[in-house]
Every structure is written in structure tokens, then in C-alpha cells.
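What follows is a single structure, written as C-alpha cells, with notes after it.
The values are calculated or read from the model by the stated rules, or taken from the named source; none is laboratory data. Remember, it's a predicted structure, so these values are computed and weren't measured experimentally. Virtual Cβ from ideal backbone geometry, glycine too; neighbours counted across all protein chains shown. Side chains are part of the model used for accessible areas, which takes the heavy atoms of the whole protein and leaves out ligands, DNA and RNA. Shrake-Rupley method; radii C 1.70, N 1.55, O 1.52, S 1.80 Å.
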Amino acid sequence: MKSWGELDSFELEPDTQAEAEGIALKRTADSEANASQAADDSTRMESSDKGEHGASKYHQANPEAMTEIEQQQERNFRQKLNRDAREIVSDSIHKGVKLIVHRPSYSGSDEQEYKRVSRELMPVVREIARKTLPLLEHEHAPEFARNQLYGSKFQADSVAYHDFRYFAKKRPPTESPSLVVGLRVDESASMAAFGRLDAAKRAVLAVYEFCRMCDIPILIHGDTADVSKLEMMSIYAYADYEQTDPRDRFRLMGIRARSNNRDGMALRIMADRLVRAQQTTKLLISISDGQPKAMEDYSGIVAMQDMQMTIAEYARKGITFAAAAIGQDKEVISHIYGHERFMDITNLQELPAKLVRMIARYL
């Protein structure tokens, strides 16, 4: 089993590697000690992936096939997702767009691909989670809660994030971290170029497994536009906190480069879902390689303004947006989302670590 720095798919620069290994949030002296100890132990990652007799341990990769009852539940859930999504966009500029929400199936080849990819990813994800989970335990005590808009303690190290969450305040003993994560994946045709799709798929899998380990509710959608005149917008609901399923990790292997992209519609559907979630902090991350473009006239200024209005509307409702730009239109994406919400992923190998590190910061 390879350690963090040895993983071929995550060959990071020295500074990036150090940041990735420092994902544990420094909340208290005890937390700093735990993080330091975890960093010292990072060279022994192999031990965390071995059983009692030295056999490798992985997540259960062969759950039983769906029963007839489960299949009916899936059909009912898919119908609900379609109803909800159409209702969400009924008062927007997308109201006339023919929409279908798919609940992707999976095949034996998807299971095999998951096993192959997870062999590289899981040691990394487990190590990050191992350093993060002890810090979550501190959050149940009356310690300082970081990244607040106001409070009695100023955090100089948070100024670099430009999100005005520069303070810490005392958290009551009964208040625990409350986070829900939405992950949107652009499945436009251009994602097939330069290894972008593979990087996105690995990042999504890493985020999914990390959230499962940390008991963070997660919503994962892929989207594309203009598949046909009868399906102008396609949403692929890969994972949903309203109906969790261990088979979702196999569905993620179905992420594909398809057609155009109608980003504003995709963001609106996901953001509205997150608004209704009971968690306090609602983080919506978009992985995209280009600016929005869909038929007939969803492009340029029209599309950009729609996205900016959607982001502003749901930011007022408590959604925190972040954009991971992995293609040629980084300046346009930065302009749409705002510099404070923008991540420039020049090195695609850094994408999984950066996304997991971002999520850990909000815990």
C-alpha cells in the first residue's frame, strides 16, 4: 500500500503535500497535538488499511442486489426527484426547459472500476479522516467554534480566505458541528479533454467516502444539456442524503462527458435542496471546466447573469458556494462566482485533496 506522497494519482508538489497532510483543523492545544501526532504517523498509513492478519481492508464493494421492494422505492424516489426539480425551476428562466432527473444504475464493470480507483484513494481518504475525526470530538465540548462572522476571538489565519469568517466564539456543549455538502459535476463534452473527467471522478469519490466516514450528509449531481429536443436538461442523481445507498459509490463510476451545460439550472436545483436541509452550514461545490453554454440562447451574458443571480439569491438563503475550475475558462468562472469562491485547479492531481481539505475546514 502506498503512502500519500507515493500515490501515482496524487503526486503533489511538496508544499501541496504538506498542506494536504495538515488538513486537521487547529482548534485547541490538544487538537494541535493530535494533528502533529497524525502527521508523524503518516508514513505508517499501511497499518490503517490492514486487518488482524495483515489482509487489506476495503469498503464493502459487493452489496446484495436490489430486492423488488427496493427497486420500487428507487422508482418512487426518482419520480419525487423529478417533481421537486421541475417545481424548483418553475419560476425561473428555465421553466420551459424539458428536464429529466435520472437515478443512474450501475454494472459489474462499475464495481470493478470502483475497486481499482478506491485502492489508490482510500488510504488517502482514511488518513485525512483519521486526523479530522478526533477534532470533531472536541467540537462537542464548550470549545471555540471557528470561522464565524463575529465572536470574541480573532483568527488571523482565516483572513486569507476572504470570506469574512475571521472570528471564533464559544460553542455551547449541546451544539455540535452541522454540515451538509452538495457536489455538482459538469458533465459537458469538453470534460473528456486533458484528463479532466478522470480527475473529477476521483475527486467526487474521495469527497463521497470522506463524507460517509465523517457522517456528513452529501448530495452529488452530474448534469448536461441538450441531449435531445425532448431532454434539454439532464440531471444525474448519483448520491442523495434523503435516500442513502451503499451502491451509490458504484453509481459515481458512471460520471461521463456528454453534451452542453446549463449551469444556472443545475445550481438552482441543488441549492434549493440544500436550503431545505436541517444542517446549519450548507456547502455547494461545483466542478467545471468551462463557462455555461446550452441551446437555444443560454450562453454569454445571459447565462453568466443567470448564474450570478442564482448564486446571490441562494447565498442570501445561507448557501456557501465554491467553484473548482479545471479548464480553460478559469477567468470567466472566477468572474461568475467571485474571487472569494473560486479555486484554480491548475494541477488536476491536487483536486481531490483540495476539495476534501475545503470540506474539513467547515466542520
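Do you know which of the residues in the range 308-363 that are of a type in the set (Lys, Arg) and more than 17 Å from the chain's Cα centre (by Cα) is farthest from THR280 (Cα to Cα)? Ranking the candidates gives LYS330 first. For the range 72-109, how many residues meet the condition of being of a type outside the set (Gly, Ala, Ser) and over 20 Å from LEU219 (Cβ atoms)? Of the residues in that region, 6 qualify.
Which count do you get for residues in the range 237-251 that are buried (at least 21 other Cβ atoms within 10 Å of the Cβ) and either under 14 Å from the mean Cα position of the chain (by Cα) or over 30 Å from LEU133 (Cβ atoms) (or both)? Summing the residues that are buried (at least 21 other Cβ atoms within 10 Å of the Cβ) and either under 14 Å from the mean Cα position of the chain (by Cα) or over 30 Å from LEU133 (Cβ atoms) (or both) in the range 237-251 gives 4.
Would you please name the residue that is most open to solvent (accessible area, probe 1.4 Å), looking only at residues in the range 342-353 that are of a type outside the set (Asp, Glu), touching a residue at least 40 places away in the same chain (Cβ under 8 Å) and not in a loop (DSSP other than H, G, I, E, B)? Taking the candidates together, the pick is GLN349.
Please determine whether any residue of the range 259-276 is within 19 Å of SER92 (Cβ to Cβ) and without any contact (Cβ under 8 Å) to a residue 12 or more places away in the chain. Taking every residue of the range 259-276 in turn, at least one turns out to be within 19 Å of SER92 (Cβ to Cβ) and without any contact (Cβ under 8 Å) to a residue 12 or more places away in the chain.
Apart from one condition, VAL124 fits all of (1) at pLDDT below 90; (2) under 30 Å from ASP329 (Cβ atoms); (3) among the aliphatic types (A, V, I, L, M); (4) exposed (fewer than 15 other Cβ atoms within 10 Å of the Cβ); the exception is (4). Evaluated against (1) over 23 Å from ALA199 (Cβ atoms); (2) assigned to a helix (DSSP H, G or I); (3) in contact with a strand residue (DSSP E or B) (Cβ under 9 Å, 6 or more places away or on another chain), ILE301 falls short on exactly one condition, (3). Residue under question is ILE100, and the condition is that it be at pLDDT 95 or above and among the hydrophobic types (A, V, I, L, M, F, W, C); does it hold? In short, yes.
Before we move on, is ASP245 without any contact (Cβ under 8 Å) to a residue 60 or more places away in the chain and either in a loop (DSSP other than H, G, I, E, B) or hydroxyl-bearing (Ser, Thr, Tyr) (or both)? Yes, satisfied.
Sub-7 Å Cβ pairs linking a first residue in the range 89-106 that is free of Cβ contacts under 8 Å to residues at least 24 places away in the same chain to a second residue that is open to solvent by less than 40 Å² (accessible area, probe 1.4 Å), at least 6 apart or interchain, are LYS95/VAL89, ordered by first then second residue. Annotation: PHE167 fulfils all but one of (1) in contact with a Gly (Cβ under 8 Å, 6 or more places away or on another chain); (2) under 26 Å from GLN328 (Cα atoms); (3) modelled with pLDDT under 95; the unmet one is (2). Can you confirm whether the range 271-284 contains a residue that is open to solvent by less than 10 Å² (accessible area, probe 1.4 Å), closer than 23 Å to ALA193 by Cα and at pLDDT 95 or above? Scanning the range 271-284, I find no residue that is open to solvent by less than 10 Å² (accessible area, probe 1.4 Å), closer than 23 Å to ALA193 by Cα and at pLDDT 95 or above, so the answer is no. On the stretch given as the range 206-224, residues that are among the charged types (D, E, K, R) and either open to solvent by less than 10 Å² (accessible area, probe 1.4 Å) or at pLDDT 95 or above (or both) total 2. As for the range 312-320, it holds no residue that is buried (at least 18 other Cβ atoms within 10 Å of the Cβ) and free of Cβ contacts under 8 Å to residues at least 40 places away in the same chain.
When the range 327-340 is filtered for residues that are touching a residue at least 24 places away in the same chain (Cβ under 8 Å), open to solvent by 20 Å² or more (accessible area, probe 1.4 Å) and assigned to a helix (DSSP H, G or I), the ones remaining, listed by number, are VAL332, HIS335, HIS339, GLU340. If we scan the range 295-309, do we find a residue that is touching a Pro at 6+ places or on another chain (Cβ under 7 Å) and in contact (Cβ under 8 Å) with a residue 60 or more places away in the chain? Yes: one or more hits. Applying the set (1) over 25 Å from SER190 (Cα atoms); (2) surrounded by fewer than 23 Cβ atoms within 10 Å (Cβ to Cβ) to GLN308 leaves exactly one unmet item: (1). No other residue among ILE359, ILE336 is at pLDDT 90 or above and in contact with a Pro (Cβ under 9 Å, 6 or more places away or on another chain) apart from ILE336.
Is at least one residue of the range 304-322 in a helix (DSSP H, G or I), touching a helix residue (DSSP H, G or I) at 6+ places or on another chain (Cβ under 7 Å) and closer than 23 Å to GLN79 by Cα? No, because not a single residue in the range 304-322 is in a helix (DSSP H, G or I), touching a helix residue (DSSP H, G or I) at 6+ places or on another chain (Cβ under 7 Å) and closer than 23 Å to GLN79 by Cα.
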